[in-house]
Amino acid sequence: MTAGEGTVPLGHEVFQIDTRMAGYDGITAGYLIRGDRPCLVETGTAPSAPVVRDALAGLGIGPGDLATVVVTHIHLDHAGGAGDIAAMFPAAQIVVHQRGARHLADPSRLMAGARMVYGDALERLFGVLAPVPADRIVALDDVGTVDLGGGRRLDSYYSPGHAKHHVGLVDSGTGDLYVGDAAGVYLPDTGDVRPATPPPDFDLETALASVRKFAALQPSRLLFSHYGPVDRVGEILERSAEEIVVWVEETSRARRALGPGLDLDHAVAMVRDRTVNRYAATSPGADPVLAEKFERVSSAAGNVAGIMAWLEKTSPAAS
(Lines give C-alpha, C1' and ligand atoms only; values in the text may rest on other atoms or scores of the structure.)
Protein backbone atom coordinates (compact mmCIF):
# COMPACT_ATOMS: atom_id res chain seq x y z
CA MET A 1 0.00 0.00 0.00
CA THR A 2 1.18 3.55 -0.71
CA ALA A 3 0.49 6.83 1.05
CA GLY A 4 -2.57 8.75 -0.06
CA GLU A 5 -3.38 12.44 -0.05
CA GLY A 6 -2.43 14.04 3.26
CA THR A 7 -0.09 11.17 4.12
CA VAL A 8 3.69 11.51 3.81
CA PRO A 9 6.16 8.59 4.07
CA LEU A 10 9.06 9.45 6.37
CA GLY A 11 11.08 6.28 5.94
CA HIS A 12 11.43 3.15 8.09
CA GLU A 13 7.69 2.44 7.78
CA VAL A 14 6.78 5.74 9.46
CA PHE A 15 4.01 7.82 7.87
CA GLN A 16 2.85 11.33 8.75
CA ILE A 17 -0.93 11.78 8.56
CA ASP A 18 -2.53 15.22 8.34
CA THR A 19 -5.44 14.89 10.77
CA ARG A 20 -7.00 18.13 9.44
CA MET A 21 -8.21 19.73 12.64
CA ALA A 22 -11.36 21.77 11.90
CA GLY A 23 -10.72 21.12 8.21
CA TYR A 24 -7.37 22.94 8.14
CA ASP A 25 -4.32 21.50 6.39
CA GLY A 26 -0.93 21.36 8.08
CA ILE A 27 -2.08 22.06 11.64
CA THR A 28 -2.17 18.67 13.40
CA ALA A 29 -0.29 15.49 12.57
CA GLY A 30 -0.65 11.88 13.60
CA TYR A 31 1.95 9.25 12.77
CA LEU A 32 1.64 5.60 11.82
CA ILE A 33 4.49 3.24 12.60
CA ARG A 34 3.67 0.34 10.29
CA GLY A 35 5.31 -2.88 11.38
CA ASP A 36 4.56 -6.17 13.07
CA ARG A 37 2.38 -4.34 15.60
CA PRO A 38 1.13 -1.20 13.83
CA CYS A 39 0.99 1.81 16.10
CA LEU A 40 -0.72 5.20 15.71
CA VAL A 41 0.83 8.13 17.57
CA GLU A 42 -1.80 10.88 18.18
CA THR A 43 -5.41 10.59 17.02
CA GLY A 44 -6.18 14.23 16.33
CA THR A 45 -9.63 15.56 17.23
CA ALA A 46 -12.86 13.58 17.28
CA PRO A 47 -13.92 14.89 13.82
CA SER A 48 -10.45 13.81 12.59
CA ALA A 49 -11.15 10.14 13.35
CA PRO A 50 -12.68 9.34 9.91
CA VAL A 51 -9.76 11.14 8.24
CA VAL A 52 -7.29 9.03 10.22
CA ARG A 53 -9.26 5.82 9.57
CA ASP A 54 -9.19 6.45 5.82
CA ALA A 55 -5.48 7.29 5.87
CA LEU A 56 -4.73 4.07 7.73
CA ALA A 57 -6.83 2.10 5.26
CA GLY A 58 -4.79 3.60 2.46
CA LEU A 59 -1.69 2.25 4.20
CA GLY A 60 -3.15 -1.23 4.51
CA ILE A 61 -4.26 -0.96 8.14
CA GLY A 62 -7.82 -2.22 8.53
CA PRO A 63 -10.10 -2.35 11.60
CA GLY A 64 -8.46 -5.47 13.01
CA ASP A 65 -4.86 -4.54 12.24
CA LEU A 66 -4.01 -1.59 14.47
CA ALA A 67 -2.33 -2.88 17.64
CA THR A 68 -1.72 0.30 19.59
CA VAL A 69 -2.73 3.95 19.77
CA VAL A 70 -0.44 6.21 21.83
CA VAL A 71 -1.21 9.83 22.69
CA THR A 72 1.49 12.18 23.96
CA HIS A 73 -1.12 13.89 26.17
CA ILE A 74 -4.89 14.21 26.43
CA HIS A 75 -5.49 17.68 24.99
CA LEU A 76 -8.27 17.44 22.44
CA ASP A 77 -6.15 18.21 19.37
CA HIS A 78 -3.99 15.18 20.23
CA ALA A 79 -6.38 12.70 21.86
CA GLY A 80 -9.87 13.98 21.12
CA GLY A 81 -10.39 11.15 18.65
CA ALA A 82 -9.25 8.40 21.04
CA GLY A 83 -12.74 7.08 21.76
CA ASP A 84 -13.78 7.09 18.12
CA ILE A 85 -10.53 5.48 16.97
CA ALA A 86 -10.92 2.84 19.70
CA ALA A 87 -14.36 1.99 18.29
CA MET A 88 -13.08 1.91 14.70
CA PHE A 89 -10.09 -0.30 15.60
CA PRO A 90 -11.40 -2.72 18.25
CA ALA A 91 -8.13 -4.64 18.61
CA ALA A 92 -6.07 -1.59 19.55
CA GLN A 93 -4.89 -0.74 23.04
CA ILE A 94 -4.99 2.96 23.92
CA VAL A 95 -1.81 4.08 25.67
CA VAL A 96 -1.53 7.27 27.74
CA HIS A 97 0.38 8.54 30.77
CA GLN A 98 -1.21 7.48 34.03
CA ARG A 99 -2.21 11.08 34.84
CA GLY A 100 -4.41 11.16 31.75
CA ALA A 101 -5.86 7.65 31.79
CA ARG A 102 -8.97 8.37 33.86
CA HIS A 103 -9.90 11.28 31.60
CA LEU A 104 -9.97 9.01 28.56
CA ALA A 105 -12.20 6.54 30.39
CA ASP A 106 -14.49 9.32 31.63
CA PRO A 107 -13.97 12.53 29.60
CA SER A 108 -16.71 14.52 31.37
CA ARG A 109 -14.39 16.79 33.40
CA LEU A 110 -12.02 17.26 30.47
CA MET A 111 -14.88 18.25 28.16
CA ALA A 112 -16.42 20.56 30.77
CA GLY A 113 -13.12 22.38 31.16
CA ALA A 114 -12.68 22.67 27.40
CA ARG A 115 -16.21 23.99 27.06
CA MET A 116 -15.44 26.76 29.54
CA VAL A 117 -12.44 27.81 27.43
CA TYR A 118 -13.84 27.44 23.90
CA GLY A 119 -17.57 27.90 24.41
CA ASP A 120 -19.63 27.50 21.27
CA ALA A 121 -16.49 26.91 19.19
CA LEU A 122 -15.65 23.69 21.01
CA GLU A 123 -17.50 21.23 18.79
CA ARG A 124 -16.41 22.96 15.58
CA LEU A 125 -12.75 22.85 16.60
CA PHE A 126 -12.50 19.62 18.55
CA GLY A 127 -15.78 17.72 18.57
CA VAL A 128 -16.58 15.55 21.60
CA LEU A 129 -14.15 13.04 23.09
CA ALA A 130 -15.97 9.72 23.36
CA PRO A 131 -15.08 7.49 26.34
CA VAL A 132 -12.45 4.81 25.80
CA PRO A 133 -13.34 1.43 27.36
CA ALA A 134 -11.33 1.28 30.58
CA ASP A 135 -10.16 -2.28 29.93
CA ARG A 136 -8.43 -1.14 26.74
CA ILE A 137 -6.46 1.70 28.34
CA VAL A 138 -2.79 1.11 29.17
CA ALA A 139 -1.48 3.67 31.67
CA LEU A 140 2.22 4.46 31.42
CA ASP A 141 4.49 5.23 34.35
CA ASP A 142 7.01 8.04 34.03
CA VAL A 143 9.14 5.68 31.92
CA GLY A 144 7.46 2.97 29.88
CA THR A 145 7.65 0.88 26.74
CA VAL A 146 5.25 0.15 23.89
CA ASP A 147 5.97 -3.02 21.89
CA LEU A 148 6.03 -2.38 18.14
CA GLY A 149 6.93 -5.99 17.28
CA GLY A 150 10.02 -7.38 15.62
CA GLY A 151 12.24 -6.12 18.45
CA ARG A 152 11.20 -2.51 17.85
CA ARG A 153 9.66 -0.42 20.61
CA LEU A 154 8.55 3.05 21.64
CA ASP A 155 10.16 4.21 24.86
CA SER A 156 8.06 6.72 26.79
CA TYR A 157 9.53 9.58 28.84
CA TYR A 158 7.44 11.75 31.14
CA SER A 159 7.78 15.35 29.95
CA PRO A 160 5.47 17.75 31.83
CA GLY A 161 5.54 21.53 31.71
CA HIS A 162 3.05 21.91 28.87
CA ALA A 163 0.71 19.41 30.51
CA LYS A 164 0.93 17.19 33.60
CA HIS A 165 0.03 14.14 31.52
CA HIS A 166 2.59 14.64 28.72
CA VAL A 167 5.09 12.08 27.43
CA GLY A 168 7.71 12.08 24.70
CA LEU A 169 8.19 8.88 22.72
CA VAL A 170 11.42 7.52 21.20
CA ASP A 171 11.31 4.92 18.41
CA SER A 172 14.10 2.40 19.05
CA GLY A 173 14.26 1.57 15.35
CA THR A 174 14.81 5.09 14.06
CA GLY A 175 15.76 7.35 16.94
CA ASP A 176 12.73 9.51 16.15
CA LEU A 177 11.34 11.48 19.11
CA TYR A 178 7.63 12.28 19.09
CA VAL A 179 7.63 15.56 20.99
CA GLY A 180 3.89 16.29 21.31
CA ASP A 181 3.74 19.92 22.49
CA ALA A 182 6.58 19.84 25.03
CA ALA A 183 8.99 21.47 22.56
CA GLY A 184 6.39 23.92 21.30
CA VAL A 185 5.13 24.09 17.73
CA TYR A 186 7.07 24.08 14.48
CA LEU A 187 5.96 25.73 11.26
CA PRO A 188 7.60 23.85 8.38
CA ASP A 189 6.78 26.61 5.87
CA THR A 190 9.19 29.01 7.60
CA GLY A 191 11.16 26.93 10.14
CA ASP A 192 9.72 28.99 13.00
CA VAL A 193 9.39 27.56 16.52
CA ARG A 194 7.00 29.08 19.06
CA PRO A 195 6.14 27.82 22.56
CA ALA A 196 2.90 26.19 23.66
CA THR A 197 2.26 27.39 27.24
CA PRO A 198 -1.51 27.13 27.82
CA PRO A 199 -3.26 27.00 31.19
CA PRO A 200 -3.63 25.29 33.55
CA ASP A 201 -0.42 23.23 33.72
CA PHE A 202 2.36 25.42 32.34
CA ASP A 203 5.40 25.62 34.61
CA LEU A 204 8.62 27.30 33.45
CA GLU A 205 11.28 25.17 35.11
CA THR A 206 9.40 21.94 34.45
CA ALA A 207 8.96 22.84 30.78
CA LEU A 208 12.65 23.67 30.38
CA ALA A 209 13.62 20.44 32.15
CA SER A 210 11.53 18.47 29.65
CA VAL A 211 13.29 20.15 26.72
CA ARG A 212 16.65 19.33 28.33
CA LYS A 213 15.51 15.74 28.78
CA PHE A 214 14.67 15.56 25.07
CA ALA A 215 18.13 16.86 24.17
CA ALA A 216 19.79 14.32 26.48
CA LEU A 217 17.98 11.50 24.66
CA GLN A 218 19.95 12.49 21.52
CA PRO A 219 17.16 11.70 19.05
CA SER A 220 17.92 11.51 15.35
CA ARG A 221 14.84 13.50 14.42
CA LEU A 222 11.97 15.38 16.07
CA LEU A 223 8.42 14.58 14.97
CA PHE A 224 6.15 17.48 15.91
CA SER A 225 2.43 17.03 16.33
CA HIS A 226 2.31 20.62 15.09
CA TYR A 227 3.82 20.02 12.54
CA GLY A 228 6.06 17.48 10.91
CA PRO A 229 9.62 16.13 11.03
CA VAL A 230 12.73 18.14 11.88
CA ASP A 231 16.32 16.95 11.44
CA ARG A 232 18.04 19.95 13.09
CA VAL A 233 17.50 18.48 16.54
CA GLY A 234 19.97 20.44 18.67
CA GLU A 235 19.23 23.76 17.01
CA ILE A 236 15.46 23.39 17.29
CA LEU A 237 15.50 22.25 20.92
CA GLU A 238 17.76 25.19 21.83
CA ARG A 239 15.34 27.51 20.07
CA SER A 240 12.41 25.86 21.85
CA ALA A 241 13.90 26.57 25.28
CA GLU A 242 14.84 30.12 24.25
CA GLU A 243 11.30 30.87 23.06
CA ILE A 244 9.75 29.64 26.31
CA VAL A 245 12.03 31.96 28.28
CA VAL A 246 11.34 34.92 25.98
CA TRP A 247 7.57 34.53 26.28
CA VAL A 248 7.79 34.31 30.06
CA GLU A 249 10.00 37.41 30.18
CA GLU A 250 7.71 39.41 27.91
CA THR A 251 4.58 38.32 29.76
CA SER A 252 6.20 39.26 33.07
CA ARG A 253 7.09 42.65 31.62
CA ALA A 254 3.53 43.22 30.45
CA ARG A 255 2.22 42.18 33.86
CA ARG A 256 4.47 44.72 35.61
CA ALA A 257 3.61 47.48 33.13
CA LEU A 258 -0.13 47.01 33.45
CA GLY A 259 -0.05 46.70 37.22
CA PRO A 260 -3.20 46.17 39.28
CA GLY A 261 -5.40 47.09 36.31
CA LEU A 262 -4.08 44.11 34.35
CA ASP A 263 -6.26 43.19 31.41
CA LEU A 264 -5.43 39.95 29.61
CA ASP A 265 -6.24 41.36 26.17
CA HIS A 266 -3.80 44.22 26.73
CA ALA A 267 -1.13 41.84 27.96
CA VAL A 268 -1.60 39.61 24.90
CA ALA A 269 -1.31 42.62 22.59
CA MET A 270 1.89 43.74 24.29
CA VAL A 271 3.51 40.32 24.13
CA ARG A 272 2.42 39.79 20.54
CA ASP A 273 3.90 43.14 19.51
CA ARG A 274 7.19 42.40 21.26
CA THR A 275 7.58 38.92 19.74
CA VAL A 276 6.22 39.47 16.22
CA ASN A 277 9.65 40.00 14.65
CA ARG A 278 11.04 36.77 16.09
CA TYR A 279 9.20 34.72 13.46
CA ALA A 280 9.30 34.79 9.69
CA ALA A 281 5.60 33.89 9.67
CA THR A 282 4.57 37.01 11.58
CA SER A 283 7.18 39.60 10.60
CA PRO A 284 6.05 42.62 8.54
CA GLY A 285 5.42 41.59 4.94
CA ALA A 286 4.87 37.92 5.83
CA ASP A 287 2.14 35.92 4.16
CA PRO A 288 -0.99 36.54 6.29
CA VAL A 289 -2.14 32.98 5.65
CA LEU A 290 1.00 31.66 7.35
CA ALA A 291 0.58 34.11 10.21
CA GLU A 292 -2.99 32.87 10.72
CA LYS A 293 -1.83 29.24 10.64
CA PHE A 294 0.88 29.97 13.22
CA GLU A 295 -1.66 31.62 15.50
CA ARG A 296 -3.96 28.60 15.25
CA VAL A 297 -1.30 26.18 16.45
CA SER A 298 0.30 28.52 19.01
CA SER A 299 -2.28 31.03 20.18
CA ALA A 300 -0.72 34.15 21.68
CA ALA A 301 -3.75 34.49 23.96
CA GLY A 302 -3.42 30.89 25.17
CA ASN A 303 0.33 31.23 25.70
CA VAL A 304 0.02 34.45 27.70
CA ALA A 305 -2.91 33.13 29.74
CA GLY A 306 -0.93 30.04 30.71
CA ILE A 307 2.11 32.06 31.72
CA MET A 308 -0.07 34.52 33.65
CA ALA A 309 -1.63 31.65 35.59
CA TRP A 310 1.84 30.32 36.42
CA LEU A 311 3.04 33.78 37.52
CA GLU A 312 0.03 34.15 39.80
CA LYS A 313 0.89 30.84 41.47
CA THR A 314 4.61 31.56 41.83
CA SER A 315 4.61 35.34 42.41
CA PRO A 316 1.12 36.64 43.13
CA ALA A 317 0.50 40.24 42.11
CA ALA A 318 0.03 42.76 44.90
CA SER A 319 -3.58 43.80 45.35
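Within the straight-line cut-off of under 21 Å between alpha carbons, the lysines reachable from Lys313 are Lys164, sequence neighbours fewer than 8 places apart in one chain being disregarded. Within the listed set His97, His266, His165, the residue fluctuating most in the Gaussian network model of the chain (springs between alpha-carbon atoms under 10 angstrom) is His266. Counting protein heavy atoms only, the chain has 53 percent of its accessible area on carbon and sulfur, 1.4 angstrom probe.
Using the 1.4 Å probe convention, the accessible area of the chain works out to 41 Å² per residue with neighbouring protein chains retained.
Simple spin-label estimate for Ala209 and Ala22 gives 3.3 nm between the two label positions (7 Å along the Cα-to-Cβ direction from each Cα).
Using a Förster distance of 45 angstrom, determine the FRET efficiency expected from the C-beta separation of Asp36 and Arg124, and round it to 0.05. Efficiency at R0 = 45 Å is approximately 0.70.
FRET efficiency for the pair His12 and Val245, taken as 1/(1 + (r/R0)^6) with r the Cβ-Cβ distance and R0 = 41 Å, rounds to 0.75. Taking 7 Å steps out from each Cα toward its Cβ at Ala286 and Ala57 produces label points 3.8 nm apart. The structure shown yields Rg/Rh (Cα atoms, Kirkwood Rh), and of the options (1) 0.96; (2) 1.05; (3) 1.01 that calculated value carries the label (1).
The values are calculated or read from the model by the stated rules, or taken from the named source; none is laboratory data. The structure presented is a predicted model; accordingly, all values stated were derived computationally and were not measured. Every residue, glycine among them, receives a Cβ derived from its backbone with ideal geometry; neighbour counts consider all protein chains shown. All accessible areas refer to the heavy atoms of the entire protein, side chains included, with ligands and DNA or RNA removed. Shrake-Rupley method; radii C 1.70, N 1.55, O 1.52, S 1.80 Å.
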